[in-house]
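Encoded as structure tokens, the structure appears first; notes follow it.
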2 protein chains.
Amino acid sequence: MQARGFEFEVTATAANARCGRLTTPHGAVETPAFMSVATYGAVRGLSAGDLADLGAQILLANTYHLHERPGEAIVQSLGGLHGFTGWRGPWLTDSGGFQVTSLSDRVRVDDGGVTFSSPLDGAQRVLTPENVIGIQEALGSDIAMVLDECLRPVDREREDHEVDQALARALDRTLRWAERSAAARKREDQAVFGIVQGGVSHERRALSACSTASIGFDGYAHGGLGLGEERSVRREVIACAQAELPAAAPRYLMGLGRPIDIVDAIAEGVDLFDCVVPTRNGRHGLLFTSEGILTVRNARYKDDPRPPDPACGCPTCANHSRAYLRHLLHTGEALGSRLATVHNLAFYFRLLRESRSHIAAGTIEAYHRQIEAISEARAE
Amino acid sequence: MQARGFEFEVTATAANARCGRLTTPHGAVETPAFMSVATYGAVRGLSAGDLADLGAQILLANTYHLHERPGEAIVQSLGGLHGFTGWRGPWLTDSGGFQVTSLSDRVRVDDGGVTFSSPLDGAQRVLTPENVIGIQEALGSDIAMVLDECLRPVDREREDHEVDQALARALDRTLRWAERSAAARKREDQAVFGIVQGGVSHERRALSACSTASIGFDGYAHGGLGLGEERSVRREVIACAQAELPAAAPRYLMGLGRPIDIVDAIAEGVDLFDCVVPTRNGRHGLLFTSEGILTVRNARYKDDPRPPDPACGCPTCANHSRAYLRHLLHTGEALGSRLATVHNLAFYFRLLRESRSHIAAGTIEAYHRQIEAISEARAE
């Protein structure tokens, strides 16, 4: 670790899986941990108090979105993300590169950085490795991410050799950007994580990991996954990369995923996760339960007095029926999204908490099989 | 009072203003009281716990909306409004007539009731005095309202003598509907309030009040106000009606209003209020403060570190800046509406709490002038 106020300690292991404690200037995070996505500095109608009550330890904000609105200068003048939002625990900010390439079809990537038209006002914006570090330093997150190049799905559909060339070029560019990001750091109290790319190639992932590690970051992320590859393929490339990463540094799987995706990666020793799935699915009435996915908007639940998950003790399940939740989602009441999000986040936080317990108890493999068994199931 | 489990006790008076305690089967309400509007059984992203913490005593739900979705049979099967929504305190339901005539331009009113096309599916629906009581009995509210005829603004713009005839007819019809409503009651544990109409005519209001009182209800409401009449005119017609109403029964001003409208009516001895203003204005970024209305979406607040109202101790003001609130409202984050609604409801509940204190202390007139002084003011 290079940043001041950071420490990562592995506290238990079981095969490749591990528990740890990541200390940041704004508090400690027990890992493996799930980071709720707070794009604009808020999680879907939930207050900082709600999140703390649910067991949130660390939140993720989107650098690009906050750069657009309200702008990092305003966030900085109000005490950074912690002061601005009222969530005083740790923050991680992504680099914005992934959002930009997926949001806009008017994007150009060259060695200098990413140039695109803002969906907000059409004006041209440029993200470079240097200004992305600068924006995150102004936002004041505890953990910043380097700018990387993640190929868009459309780029992956071309001829094999073209894809191959594009991947090689993106990998090379990501590495040079990582070097520039490391050189651009000014804040000593902010950790910066490098990002491993390389598509689904074992060799490229290993090479990317090795080269990124040699630059020296406070932690490392797996980027460009969850884009359609098989679970087994993903596990393999994560394993290939992690063999080349320093064991003493935290590892973060970006943007994934369903519960089974998370436990798959926990089995490979990944420490940090984020994903919009619990919040986005909640909004659409898809609830994670101990018996599988519950599509609570279905007509069959219109007079169902049971809580979404009878085995769950979250505030939604403690106080409300499927019938009420369905009604709120059907009528577009904001409380519906909030209650669904509360439940899904409670499910994810419990998943991570139980994973930590099972790693410490040496029973994570059995737990992994248990989560796999419900991963395709539908709750009745 | 005819309904079982109800009691209304006047605990203090100052000129025409009065404090009281309305006991219902689900708890007591200190009056004057403000009822938050929970159209579909939820208040704008707020949980029952949030509402209790803010000092809510009683909520109002819309009979027509709940009849459409999810239907009163479902609400009844899940324990009525109290069980269905999780708000275990008192509920008042409106009669739906006002909503129907304001929502739909395909509405026909005759002596039988109100016939209209549902905006939901276009099918024909009929509200009668009898089925409106039946729906509310199924919903299980503590206080039900009779179906009344409230002339739409368009009807008020016709020639004077036409308006006059229409008002006379509506008044007469409302009275006959009130008699049918009283005859239709089956639940002994539900209070029913009659509704006084009569436009801005002193004579008609007095006649309507006298006739409605002679039918005998558990409480009485002023309907058809807040539709453009002057404050002084409204106060006069409220006073005319109340001279004819039994002092021992609670009085409710329906659908009003701004803080000054409420204190105006408190001065005339009104006990209960409801209005969408605090929740709707909150959603639009209009916040009530001790210095007047704050338009928090304005660019001038983009980096303002002050809470919406430095004199307010609500959870929003205790934890958040104008800059953050503006940002959330601008980016469409659901938390923005929630925080604004929390603040505005806190303002209203404080307004009513302070009114009660000032009535008890004999200083309500000075308080009335104080609220008047900020009623047209803009916060800086």
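Derivation of every value follows stated rules applied to the coordinates shown; laboratory data play no part. Owing to the predicted nature of the structure, the values given are computational and were not obtained by experimental measurement. Neighbour counts are summed over all protein chains in view; Cβ atoms, including those assigned to glycine, are modelled from backbone coordinates with ideal geometry.
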Positive end of the charge dipole of the range A:282-373 (Lys, Arg +1 and Asp, Glu -1 on Cβ, about the Cα centre): tell me which of A:HIS327, A:LEU345, A:SER357 has its Cα farthest that way. A:HIS327
Would you grab the residues whose amide H sits under 5 Å from the one on A:GLY255? Only those 5+ places off in sequence or on another chain, please, with H modelled 1.01 Å from N. A:ASP274
May I ask you to derive the FRET efficiency for A:ARG353 and A:LEU120 from their Cβ-Cβ distance with R0 = 41 Å, giving the value to the nearest 0.05? 0.60
Note on the range B:188-299, DSSP bridge orientation, antiparallel percent to nearest 5 equals 30
Is there a quick way to get the dipole size of the range B:7-275? I mean about its Cα centre, with the Cβ of Lys and Arg at +1 and of Asp and Glu at -1; what is the value in debye to the nearest 20? 280
With +1 assigned to the C-beta of every Lys and Arg and -1 to the C-beta of every Asp and Glu, and no other charges, what is the dipole magnitude of the range A:282-373 about the Cα centre in debye, to the nearest 20? 220
Between A:ALA183 and the same site in the other copies, what are the distances in nm, shortest first, taking label points 7 Å from Cα along the C-beta direction? 9.2
So who's got an amide H within less than 5 Å of the one on B:GLU149, skipping anything under 5 residues away but keeping other chains? H placed 1.01 Å off N, in plane. B:THR174
Other chains near B:41-48: what is the mean number of their Cβ atoms within 10 Å of each residue's Cβ? 6
Among A:GLN136, A:PHE6, B:LEU81, which residue has its Cα furthest toward the positive end of the charge dipole of the protein assembly as shown, with +1 on Lys/Arg Cβ and -1 on Asp/Glu Cβ? A:PHE6
Going toward the positive end of the dipole of the range B:7-275, with +1 on Lys and Arg Cβ and -1 on Asp and Glu Cβ, which of B:CYS19, B:GLY97, B:GLY55 do you reach last? B:GLY55
Can you give me the Cα centroid spacing of the range B:317-380 and the range B:221-291 in angstrom? 17
What FRET efficiency comes out for A:ARG300 versus B:GLU230 if R0 is 56 angstrom and r is the Cβ-Cβ distance? Round to the nearest 0.05. 0.55
Based on the Cβ-Cβ distance from B:ARG69 to A:ALA247, what FRET efficiency comes out when R0 is 60 Å, to the nearest 0.05? 0.60
Charge context of A:ARG180, other residues only, Cβ under 15 angstrom, K/R +1, D/E -1: -4
A correct Stokes-Einstein calculation for chain A, using the alpha-carbon Kirkwood radius, 20 °C and 1.002 mPa s, returns a whole-number D in µm² s⁻¹ of 101
Shielding score for A:81-93, defined as the mean number of other chain Cβ atoms within 10 Å: 2
Mind giving me the nanometre distance, one decimal, between the label points for B:GLU365 and A:ALA360, set 7 Å out from Cα along Cα→Cβ? 6.8
Suppose you put the label 7 Å out from Cα in the Cβ direction; list, shortest first and in nm with one decimal, how far B:GLU7 is from each other copy's label. 6.3
So for each of B:55-61, B:374-380 I average, over its residues, the number of other beta carbons within 10 Å; can you give me the resulting order with the highest mean first? B:55-61, B:374-380
Within the set of other residues whose C-beta is less than 13 Å from the C-beta of A:ASP264, count the net charge using Lys and Arg as +1 and Asp and Glu as -1. -2
Which GluC sites (Glu not before Pro) in the range A:165-251 sit in a loop by DSSP (not H, G, I, E or B) and have at most 16 other Cβ atoms within 10 Å of their own Cβ? A:GLU188, A:GLU229, A:GLU230
Value of [θ]222 nm, deg cm²/dmol, for chain A, DSSP H segments ≥ 4, -39500 (n - 2.57) each, nearest 500: -13000 deg cm²/dmol
Take B:ALA318 and A:ASN16, extend 7 Å from each Cα along the Cα→Cβ direction, and tell me the distance between the two endpoints in nm. 4.7
Scoring chain B by relative contact order with C-alpha pairs under 8 Å, at least six apart, yields a percentage of 18
Whose amide H sits under 5 Å from the amide H of B:ALA33, counting only residues 5 or more places off or on another chain, with H placed in the peptide plane? B:LEU272, B:PHE273
For B:PRO305, which inter-copy label distances result when the label point lies 7 Å beyond Cα on the Cα-to-Cβ vector, reported in nm to one decimal and in ascending order? 5.4
In nm, give the distance between the simple-model label positions of A:LYS186 and A:THR23, each being 7 Å from the Cα along the Cα-to-Cβ direction. 2.8
Just to check I understand the Karplus step: with θ = phi - 60° and J = 6.51 cos²θ - 1.76 cosθ + 1.60, what whole-Hz values come out for the range B:293-299, glycine and proline as x? 6, 10, 8, 6, 6, 4, 4
Within a 10 angstrom radius of each residue's Cβ in A:62-71, how many Cβ atoms of other chains show up on average? Whole number is fine. 2
Give me the extension gain from B:VAL276 to B:GLU179: residue separation times 0.36 nm, minus the current Cα-Cα distance, reported in nm with one decimal. 32.0 nm
Taking the Cα centre of the protein assembly as shown as the origin, how large is its charge dipole in debye, to the nearest 20, when only Lys and Arg (+1) and Asp and Glu (-1) carry charge on their Cβ atoms? 320
Per-q log10 I(q)/I(0), the protein assembly as shown, q = 0.08, 0.11 Å⁻¹ (Debye; single scatterer per alpha-carbon; no solvent): -0.74, -1.12
Sequence order, the range A:85-98: Karplus ³J(HN,Hα) from phi using 6.51 cos²θ - 1.76 cosθ + 1.60, θ = phi - 60°, Hz rounded, Gly and Pro as x, gives 9, x, 8, 8, x, x, 10, 10, 10, 7, 8, x, x, 5
Under 11 Å, Cβ to Cβ, from A:GLN76 - net charge with Lys/Arg +1 and Asp/Glu -1: -3
